[in-house]
Amino acid sequence: MKKAALLSVPFALAVALLGFFLSWNASAAPSVQSLWSTSTVPAHADASDPNSVNVGLRFHSSVPGQILGIRFYKGPGNTGTHVGSLWTSAGKQLGNVTFSNETTTGWQVAHFATPINIAAFTTYDASYLAPRGHYAYDYNYFGAARQSGNLVAEQATSLSGNGVYTYSGATAFPATSSKSLTNYWVDVLFQPSTTTASSPVPTSTSASSSPSPSQSQTASTAPSATSSPSSVASSTPASVTTTAASTSGYVQPGTVGYLGSTSALTVYEPGGAAPSGCSWQSYGLRCDQTDLTLDHVWIKGSFYWTGTGNLTISQSIVQGGTGTSWYAILGHPSTSGAINSTIKVTDSTVGWLPGKTMPAGEDVAPIWTAYGNQAQIAIRDDLSGMSQGIDPTANSVIQDNWIHGLVQNGTASSPTHLDGIFSQGGGNIKIEGNYVDVPVRSDTTAAIFIQDRGSTDTGISIIGNYLNGGAFNLRNQTGINVAVENNTFANSVWGAVGDLSGYPGTYGTWTGNVTLNQAAVVKP
C-alpha cells in the first residue's frame, strides 16, 4: 500500500503539469465568439411559414479573424436538411456546410471544413437554408446594432437593412432585407486573429448587390418576390444590445462609432468626388458652407471646415492623413473671436488613415477646433489613432464615446499629452458615460485633464465614466467646483487623482466614485 502511494505522487504531478500545460495553451489562443449565447432563446422559435427559404443576417467584426462555422436556432417544425453559408455583401459565397446530428430544438452548430478568413470592418452575410420553413424569428430586432465581443450584427438602416432572406428550394444568397428588421436567429463562430492590433481601422468593402427591401407579410403561403418570412407580430426581445451606456454607466468598447455596413456609405477620397459645395485640396476635403450636414459618408482624408453655424456629421467614418495634414476633423473659422458655432459628431468613427503616420510633434485630437471657439458635441463616437482623444471647449458635450488607441509620433510637449479628454479652457462642459483608455505611463498626464492656461472654469461635470491610464486617471488644475460622480477609476501609474499644488482647481459634488475592486475613491 505504501509503495502504491509513493508511485501515485509522480503520477499526480505529471497529471497536474499536463493539465497546466493544456490550460495555458488554451488560454493563449483567442476564444471563439458568437453573437448570442447558447442560453438565448427567441421569442418565436417556429414560424408558420412552410416554404423553403434562406434566412440570415449581416454582420462584421472590429478585428480580422476566421469564421469557423454557422449557428442557427431551430424550432420543432424546422425539419429537413439545413445548409449554412457565408457570403460577401455582394453575394459571393465563401463557404457552405451541411448540418448533421441536429437536436429537435435549440441551437445547431456546423463547422466549415476549413476556417474562412474575414477582414475587419467588412460586412458579411451568414445564412442557412430552411427547406421546410418554420424558422425562428423576432420582429423589430435590428433597430439597433447587436454587439458581442468583436462581432457586430449591424443596425438596419434605410440604406442597408438587416434580417435578410431569399425564397428558394436550394442554397441562395439572402438578398432581400426584412422591412420588419427581423432577426432570424442565425449566428457565426468567430475566432479573432492572434496578431490583431488593438485599434483596427475600417477597411473597404464591396458595394452590396442586394435589391431594395420589400414589404414584409404577417404570413407567407407561397414563395414570391415580395413576401417576407414571418409569422405573427412580436415585441423586441429583451436580449437586444443597443449603443446605450452599460449598467456601470459607461459604454463598452466596440459598441459605439459607426456600426453599420460600409457599403451603405458614400465614399469621398482625394482625387475623387466631393460633397456639394466642397472640394479636395492638398490638405484635405474643404467645405466652406454654413450649417453643413454630412450623413453616412466615409471621408478617406482630412476634413477642413471653414464655415460657421453648425457642422453635423452622423453615422460616418472620417480618417485624417491627407498630405502633411495633422487633423481628422478641423473647424477653422475665419476669426478667433467669439462665434456661435458648433461641431457635432454622432455615431461615427474618427481616426487616422491606415498606413499613414501622423506628422511628428503634433498634439491634437480627432475632432479639433483651431481657435477653441467652437463647441464640440461628440456622442457615441469611436475616437482613436491620434495623440489625444478629444479636447472639449466651452459648452461642449462629450458623452458615451470610446476613446482609445492614442499614438504620437515624437514628443510635442513635456509631459507628452496622450490624454483621453483634455480640456484646455472653457466652462459648462459635460463629460458623461465615456470609456476612456489611454496608455498607463508616467508621461501621460491623465485619462481626463482639466487645464485652462489663462483662466478658471465652472460648470464642468464628470459623471459615469470609465477612466483607465495616465500617471493619474484624473487631474484638475483650473476647474472650479467640478462635479465628479459615479466614475470607475481603473489603472494608472500613481493613483486615481493627482492634482499639482499651486493650482486653483477644486471639486464640488463627489460621490459614487470607485476603483475596479469597488473601493471608494476619496475626494481630494
Original post:
When you scan segment 367-382, how many residues do you find that are surrounded by 23 or more Cβ atoms within 10 Å (Cβ to Cβ) and closer than 15 Å to Asn340 by Cα?
Top reply: 3
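Return yes or no: is Asp443 farther than 18 Å from Gln376 by Cα, in the same structural domain as Gly502 (by TED's automatic domain parsing) and either surrounded by 24 or more Cβ atoms within 10 Å (Cβ to Cβ) or out of contact with any Ser or Thr (no Cβ under 9 Å at 6 or more places or on another chain) (or both)?
Working: farther than 18 Å from Gln376 by Cα: yes; in the same structural domain as Gly502 (by TED's automatic domain parsing): yes; either surrounded by 24 or more Cβ atoms within 10 Å (Cβ to Cβ) or out of contact with any Ser or Thr (no Cβ under 9 Å at 6 or more places or on another chain) (or both): no.
The answer is no for Asp443.
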Subject >> Selected residue (only one of Val438, Val482 is crowded, with 18+ Cβ neighbours inside 10 Å, closer than 25 Å to Asn517 by Cβ, modelled with pLDDT of 95 or more and among the β-branched types (Val, Ile, Thr)) >> reply: Val482
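Here is a yes/no grid of residues against (1) in a strand (DSSP E or B); (2) among the polar types (S, T, N, Q); (3) over 23 Å from Pro359 (Cα atoms); (4) more than 28 Å from the chain's Cα centre (by Cα):
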site	(1), (2), (3), (4)
Tyr258	no, no, yes, no
Ala273	no, no, yes, no
Gln319	yes, yes, no, no
Gly323	no, no, no, no
**OP:** Inspect segment 123-141 for any residue being within 14 Å of Phe190 (Cβ to Cβ), small (Gly, Ala, Ser), in contact (Cβ under 8 Å) with a residue 24 or more places away in the chain and assigned to a loop (DSSP other than H, G, I, E, B) and give the result as yes or no.
**Re:** no
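Looking at segment 397-425, which of the residues that are assigned to a loop (DSSP other than H, G, I, E, B) and modelled with pLDDT of 90 or more is surrounded by the fewest Cβ atoms within 10 Å (Cβ to Cβ)? If you could, list the steps in order and put the result at the bottom.
Applying the first criterion (assigned to a loop (DSSP other than H, G, I, E, B)) to segment 397-425 yields 400-401, 404-420, 424-425.
Then drop every residue that is not modelled with pLDDT of 90 or more, which leaves 400-401, 404, 419-420.
Details: Asp400: 26, Asn401: 31, His404: 22, Asp419: 29, Gly420: 33.
If we take residues in segment 397-425 being assigned to a loop (DSSP other than H, G, I, E, B) and modelled with pLDDT of 90 or more, then His404 is surrounded by the fewest Cβ atoms within 10 Å (Cβ to Cβ).
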**OP:** Would you check if there is a residue in segment 333-345 being within 28 Å of the chain's Cα centre (by Cα) and either of a type in the set (Phe, Trp, Tyr) or in a loop (DSSP other than H, G, I, E, B) (or both)?
**Re:** no
Subject >> The listed residue being surrounded by 19 or more Cβ atoms within 10 Å (Cβ to Cβ), modelled with pLDDT of 95 or more and small (Gly, Ala, Ser), out of Ala120, Ala136 >> reply: Ala136
Original post:
Within segment 174-194, can you find the residues that are touching a strand residue (DSSP E or B) at 6+ places or on another chain (Cβ under 6 Å) and outside any loop (DSSP other than H, G, I, E, B)?
Top reply: Thr176, Ser177, Asn183, Val186, Asp187, Val188, Leu189, Phe190, Gln191, Pro192
Original post:
Just one of the numbered conditions (1) closer than 15 Å to Ala130 by Cβ; (2) modelled with pLDDT under 90 is not true of Leu159; which one?
Top reply: (1)
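Here is a list: Lys430, Lys344. Which entry is over 20 Å from Ile299 (Cα atoms) and at pLDDT 95 or above? Walk me through how you get there before you give the answer.
Details: Lys344 fails: over 20 Å from Ile299 (Cα atoms).
Step by step, each of Lys430, Lys344 is checked, and only Lys430 is over 20 Å from Ile299 (Cα atoms) and at pLDDT 95 or above.
Tell me the residue from Gly277, Gly307, Gly331 that is in the same structural domain as Asp381 (by TED's automatic domain parsing) and at positive phi, please. Lay out the reasoning, then the answer.
Values: Gly307 fails: at positive phi; Gly331 fails: at positive phi.
Just a single option satisfies the conditions, and that option is Gly277.
Among residues belonging to segment 493-516 that are outside any strand (DSSP E or B) and either charged (D, E, K, R) or within 17 Å of Asn465 (Cβ to Cβ) (or both), point out the one that is nearest to the chain's Cα centre (by Cα).
Initial filter on segment 493-516 (outside any strand (DSSP E or B)): 493-494, 498-506, 512-513, 516.
Pick out the ones that are also either charged (D, E, K, R) or within 17 Å of Asn465 (Cβ to Cβ) (or both) and you get 498-499, 512-513, 516.
Details: Gly498: 31, Asp499: 33, Gly512: 27, Asn513: 26, Leu516: 23 Å.
Per the stated criteria, the residue is Leu516.
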**OP:** Output yes when any residue across segment 96-116 is under 20 Å from the mean Cα position of the chain (by Cα) and among the aliphatic types (A, V, I, L, M), and no when none is.
**Re:** no
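Here are Ser248, Ser235, Ser263: which of them is outside any loop (DSSP other than H, G, I, E, B) and modelled with pLDDT under 95? Give the derivation first.
Numbers: Ser248 fails: outside any loop (DSSP other than H, G, I, E, B); Ser235 fails: outside any loop (DSSP other than H, G, I, E, B).
Matching residue, one of Ser248, Ser235, Ser263: Ser263.
I'd like the full set of residues that are assigned to a loop (DSSP other than H, G, I, E, B) and at pLDDT 95 or above, limited to segment 371-388.
We begin by selecting, within segment 371-388, every residue assigned to a loop (DSSP other than H, G, I, E, B); these are 371-374, 380-381, 384-388.
Once the filter is applied, which keeps residues that are assigned to a loop (DSSP other than H, G, I, E, B) and at pLDDT 95 or above, segment 371-388 yields Arg380, Asp381.
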**OP:** Please name all residue pairs, on different chains or six or more residues apart, with Cβ atoms under 9 Å, provided the first residue is in segment 417-442 and is at positive phi and the second residue is among the charged types (D, E, K, R).
**Re:** Gly425/Asp452; Gly425/Arg453; Gly425/Asp457; Gly426/Asp452; Gly426/Asp457; Asn428/Asp457; Gly433/Asp400
Subject >> Complete set of residues in segment 492-511 that are closer than 22 Å to Val407 by Cβ and crowded, with 17+ Cβ neighbours inside 10 Å >> reply: Ser492
Subject >> Enumeration of residues in segment 284-305 that are in contact (Cβ under 8 Å) with a residue 40 or more places away in the chain and in a loop (DSSP other than H, G, I, E, B) >> reply: His296, Gly301
Original post:
With Ala394, Ala365 as the choices, which residue is over 25 Å from the mean Cα position of the chain (by Cα), among the hydrophobic types (A, V, I, L, M, F, W, C), under 23 Å from Asn476 (Cβ atoms) and at pLDDT below 95?
Top reply: Ala394
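The values are calculated or read from the model by the stated rules, or taken from the named source; none is laboratory data. Just so you know, these numbers come straight off a predicted model, no measurement behind them. We place every Cβ from the backbone using ideal geometry, glycine too, and count neighbours over all the protein chains shown.
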